[in-house]
Each structure stands twice: as C-alpha cells, then as structure tokens.
Amino acid sequence: MTSEEALVQVWLNLDNAETILTTVAVLATIMFAMTAFGNFLVVLSVWMDPLRKLRSSPSNFIIFSLAVADLLIGLVASPLHAFLAWALLHKYTNPPFPFLIFFTTLINVSVGHILLLSIDRFFAVVTPLQYRGKVTSKRVCIVSVTCWIYFLLFGFVFSLLPKHYALMKTLYNVQIFCILICIVVINVLTLYRFHKYSHITEALDEQHAGLPRQMILQRERTVAKAIAIVISASLLCFIPWFIVQMIVYICLTCNFSLLMLAHFIAVAVMYVNSAINPFLYAWRLPKYKETFKHILKKRTCFRRYETREAVDHVEDTRL
C-alpha cells in the first residue's frame, strides 16, 4: 500500500483517535484566522501602496512574497488540515493527503524567504554604501521567483513519488534544517558586523563630536533585539517538528497515539511562524504602520460615508 493508505489504517486503529482529530481540527481552524488576517493586510498594503513608501525598497518585495506564501498557508493549508482531520474522524478511506504536499511546499517557500530577508539585512549592514547597487528590485524579484519555482518543483516531485515517501520526507527535513542553520548563522554574523561597525562609529564620533554614545548603544540594542527575536521565533517554531520527527524514527516503543498528537501540535506551531511573520518583518516598521493606519482609516471613513448616505436616503424616502 502507499504511504497515504498506511497512514489511514494507522489513524483508524489509534487509541483516542476522536480526541486527537478534534484537537487537530480546532488548532487548524484557529491557525486559519490568525495566519490569514495579518498576511492579507501586508499583501494589501504593498499591492496598493497608497502612501508610495513601500515599493521603493527592494526588501519590501521579499516581504510581499513571504506574505503571499504565508497567506496561502492560512487560506489553503489550514482548511485542508481541518478537512483532513474531519475526513479521518468520519473514517473516510480517501482523505486529501496529496493536497498536504502543498503545505510542505509553502512552508519551504516561507522559510526560504526568511533566509532571503536575512541575506538582505546582512548586505545592508556589511556593505551599506554598495547596498543599493547590489540589491535592486529586479534582482530581488528574480531571486524570489527562483525560490518559488524551486520549492514548487520539489513539492511536485514529492507528490509523484508516494512510494519513496520516507526518502522525500527526509530530504524535506534536511532542507528546512539547513535553511534554519543558515538563517541563524547569517543573523549572528549580521549582529557581529553591526557591533563592530558601532564601535568604529563610536570612535569616530568621539573625535568629531558626532552622535552621543548613548544613542549608538541604543541603536545597537534595537538591532540586537530584532535579530534575537527573529532567531528565537524561527527556532521555537521549527524545533518541535524536528524533535517529533526524530522520536518517530528512533523510538519504536513509544505510544503512537501521543506521537501523532505531538506531530500535529508541531505542525500547528509551524503555522504560528506564518502567523507571526507579519509582526516580525512588516508591522514593526514605521512605513508599514503608516500604511496600515491609512488603509484602515480610509476603510472606516468609507463605511461611515456609506452609512450616512443610507440614512439620508431613508430620510428622503420618508419625506
């Protein structure tokens, strides 16, 4: 039998399967709401760009592409997981397992774009004078499209090789693990180079009476805090997945019901990464804050205007 058919048989013979599947469906539904709203607002802001502040920076195209991937995770992958749990709960023999390859592909795309953002920040810190010449909108679009094409092809090959599920799943895990390691290393190097640059700037300022020491230290703390949050979020959202995968492969005497529950909880934690990405890379930036406020304020004013028009129309009709 294929890996999907084997997994169906495992679910149908699990202890407490109804409780586990109900928990999975609830978690997937919650992740749907959390992931869709924030990423939709980011996509809408960059797409409309009413204040003409977002499209001028190449890094915003990476944030836009990341938000599209995370939005698809919220709008497609989360409902599919909820439907999968519902199908298994009602003992359907052909649940939509192949569609879950779409989830693994989008997770890869999301993590790949986080790596691209880390590289972008590294160049901005290491080569600030040559940054605009090296990181252009055209190059950023090419890299983002390449990231999408590569991981979509990987997911397509994954779906065509159901009999080699274990091998492809191992490649998938190794791939994400290597990307996460690169994200951590690049962010640490960025922090080191920024710290070194701050000391050079501090020495020059002492000679020419420029920026005060307190301002330099405050800027360094801000950058260090932002990088620490990015690293912590990436690791905390994906380490549970790797731990569960290792236990599944190594521990043959473990309670399989608990392992499957832990597996889906780890998947839900991976969804959390897509839900918090808008806050990590967009919402905390002043340009995005101004754009969000403008869009929300405009929508509110438009609704008030529609309400007033409706009231005036009703009053005119009565008269």
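The values are calculated or read from the model by the stated rules, or taken from the named source; none is laboratory data. The model shown is predicted, which means the values in this text are computed figures rather than measured ones. Neighbour counts run over all protein chains shown; Cβ positions are idealised from the backbone, glycine included. We work out accessible area using only protein heavy atoms, side chains counted, and drop any ligands, DNA or RNA first. Shrake-Rupley method; radii C 1.70, N 1.55, O 1.52, S 1.80 Å.
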Requested in this report: Tally the residues that are under 20 Å from LYS298 (Cα atoms) and either assigned to a helix (DSSP H, G or I) or out of contact with any helix residue (DSSP H, G or I) (no Cβ under 6 Å at 6 or more places or on another chain) (or both), restricting the search to region 30-54.
Outcome: 14
Query - Answer from GLY74, GLY112, GLY133, GLY155 - the residue that is touching a Cys at 6+ places or on another chain (Cβ under 9 Å) and either open to solvent by 70 Å² or more (accessible area, probe 1.4 Å) or not polar (S, T, N, Q) (or both) - result: GLY112
Query raised in the report: Does TYR172 fit the bill of being modelled with pLDDT of 80 or more, assigned to a helix (DSSP H, G or I) and hydroxyl-bearing (Ser, Thr, Tyr)?
Result: yes
Query - Pairs where the first residue, in region 45-57, is of a type in the set (Asp, Glu) and the second is open to solvent by 70 Å² or more (accessible area, probe 1.4 Å), C-beta under 8 Å, 6+ apart - result: ASP49/ARG55
Query raised in the report: Are there any pairs, at least 6 apart or on different chains, whose C-beta atoms fall under 8 Å, with the first in region 265-292 and within 16 Å of ILE227 (Cβ to Cβ) and modelled with pLDDT of 85 or more and the second acidic (Asp, Glu) and buried (at least 21 other Cβ atoms within 10 Å of the Cβ), and if so, which?
Result: ASN277/ASP70
Query raised in the report: Of all the residues that make up region 165-185, how many are over 18 Å from the mean Cα position of the chain (by Cα) and surrounded by fewer than 18 Cβ atoms within 10 Å (Cβ to Cβ)?
Result: 8
Report task. Consider ILE250 carefully, then state whether it is out of contact with any Phe, Trp or Tyr (no Cβ under 9 Å at 6 or more places or on another chain), open to solvent by less than 60 Å² (accessible area, probe 1.4 Å) and modelled with pLDDT under 85. Result -> no
Report summary line: Going through region 253-279 in order, the residues found to be of a type in the set (Ser, Thr, Tyr) and surrounded by 15 or more Cβ atoms within 10 Å (Cβ to Cβ) are SER257, TYR271, SER274
Query raised in the report: Quick one: is LEU117 modelled with pLDDT under 85 and among the aliphatic types (A, V, I, L, M)?
Result: no
Query raised in the report: Would you call LEU89 under 20 Å from the mean Cα position of the chain (by Cα) and surrounded by 17 or more Cβ atoms within 10 Å (Cβ to Cβ)?
Result: no
